[in-house]
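Have a look at the structure below before the remarks.
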Amino acid sequence: MFAIEQGAILRYGLEEVALPRVAPNAGSLSGWLAYEIDCAGIGARIEDLVEVGSPEDYQDACAAVVDRAVDEVVGDAFEMRAEVAMSGRADLGDDDGDDVIDVMSGAWQATMTVDGAALSMPASRFEGMRE
């Protein structure tokens with residue numbers, strides 16, 4: 001049995017693969033959304049209206065709200081973990097007697113457990129031949 005940190009894979013895919021293609025200068029999903037929402041502009045506008053604090057204070061508050069919203073929406077997904085149990089058998093053959101395996105075939109099956117729910121994968125066959 002082994003564990004798959006699916007949440008870590010999802011975070012990596014979003015922040016290290018997808019996000020750099022969409023927003024090359026963004027360091028995180030939250031940072032990108034705060035930029036797209038224009039937290040800097042919102043901070044300046046609020047400070048201009050209330051004339052208390054600094055634009056950076058309101059920008060930071062906006063970014064914190066965005067960060068919290070991202071955590072609420074995808075936070076659990078980033079923590080997702082699955083366990084996989086696999087079993088199978090392989091039949092090996094030395095067709096020419098040189099003590100080197102020339103042929104292999106067999107079957108395997110697995111069960112993946114995510115959040116306590118077990119999902120059985122269909123049994124599969126494999127075969128291979130040395131060239």
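The values are calculated or read from the model by the stated rules, or taken from the named source; none is laboratory data. Since this is a predicted model, take the numbers as computed values, not measurements. All Cβ positions, even for glycine, are placed from backbone atoms using ideal geometry, and neighbour counts span all protein chains on display.
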>> Taking the conditions exactly as written (of a type in the set (A, V, I, L, M) and either modelled with pLDDT under 90 or in contact with a helix residue (DSSP H, G or I) (Cβ under 8 Å, 6 or more places away or on another chain) (or both)), does MET80 satisfy them or not?
In response: yes
field: Hey, ALA18 farther than 30 Å from ALA123 by Cβ, crowded, with 16+ Cβ neighbours inside 10 Å, of a type in the set (Gly, Ala, Ser) and under 26 Å from the mean Cα position of the chain (by Cα) or not
entry: no
In region 1-49, anything polar (S, T, N, Q) and either closer than 22 Å to ALA64 by Cα or not assigned by TED's automatic domain parsing to the domain that holds ALA61 (or both) is listed as ASN25, SER28, SER30
Filter region 29-84 for residues that are surrounded by 15 or more Cβ atoms within 10 Å (Cβ to Cβ) and among the hydroxyl-bearing types (Ser, Thr, Tyr); the one that is nearest to SER120 (Cα to Cα) is SER30
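Of the residues MET104, MET86, MET121, only one is closer than 21 Å to ILE9 by Cα, outside any helix (DSSP H, G or I) and either basic (Lys, Arg) or modelled with pLDDT of 90 or more (or both); which?
Only one candidate passes the filter, namely MET86.
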